[in-house]
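A.B. asks: The structure is given below, and queries will be raised subsequently.
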Amino acid sequence: MKPLPVMELEQGAALPVAETFLSLQGEGKLAGVASFFIRVSGCNLRCGWCDTPYASWAPEGGMRSIAALVTEAAESGAGHIVLTGGEPMMFARSADLTRELASMGLHVTIETAGTIADAARLPHCDLMSISPKLSNSTPKEGDTRDPGGVWRSRHQARRLNLEAIQTLLDRFPERQLKFVVCGHGDLAEIDDVLHGLRGWAPGDVLLMPEGVKPPTAEARRWVAQVCVERNWRYCPRLHIELFGNTRGT
Ligand code: SF4
């Protein structure tokens, strides 16, 4: 996608960042591609199975200047940059960062849950990776991280925003809809989500078995079978297979 014109970057523009690292993209259409990751810290959701709690349940890190992030990304040598989280679309400054990265000729993937999309201030993005959250993501009652169930209610109310997802689909021709699945029961929910959206193709739909360990043979089999039947894509977690559940990979 042609980058939008770069605006003059306000001095001191910054984003909360949990971590940056160089690795291989583990998921989605660009799995296996060497990429520099910028993980913002902070999320409007609290998935029970979140694999980056240090960017959601207990956000870590501090403010990093956009200028420094762009320099670090360019110096990493990777042609692909992944802006992930947490939830990058929560932060207006993500638009500034992605425009700066694009102006350096870098390919930008954004990984989002698709609950926030301000049509007037969308970022630059070459691959919009949207991961709509199904009910399997809602924290369980009694989750010790959520006394009183405040986040459970908030998460349930926020986790699906079809209007926001549609805005992203309409704006970004390169996209993927990545669903984390725990069992067959998730399929009806996925169908409901897809029925509420326009303009997607079967090849945009990815199913990824949930878990921070390689999926069992049985889980791999049923997910693969569904993908074959529906012409969807099986989404591995290559980084888990290569490095395990290790931070910075
Ligand atoms: S949306 Fe992503 S970062 Fe936020 S809680 Fe869910 S899995 Fe974690």
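A.B. asks: Look at Ser94 and say whether it is among the polar types (S, T, N, Q), within 16 Å of the ligand (Cβ to nearest atom) and farther than 25 Å from Glu174 by Cα.
C.D. replies: No: the conditions fail for Ser94.
A.B. asks: Moving to a separate point now. Among what's in the stretch 121-149 and is among the small types (Gly, Ala, Ser) and within 30 Å of Val33 (Cβ to Cβ), pick the residue that is surrounded by the most Cβ atoms within 10 Å (Cβ to Cβ).
C.D. replies: Ser129
A.B. asks: How many of the residues in the stretch 28-85 are part of a loop (DSSP other than H, G, I, E, B) and within 16 Å of the ligand (Cβ to nearest atom)?
C.D. replies: 20
We did not get these values from a lab; they are worked out from the coordinates using the rules stated. These numbers come from a predicted model, not from an experiment. With ideal geometry, Cβ positions are generated from the backbone for all residues, glycine too; neighbour counts draw on all protein chains shown.
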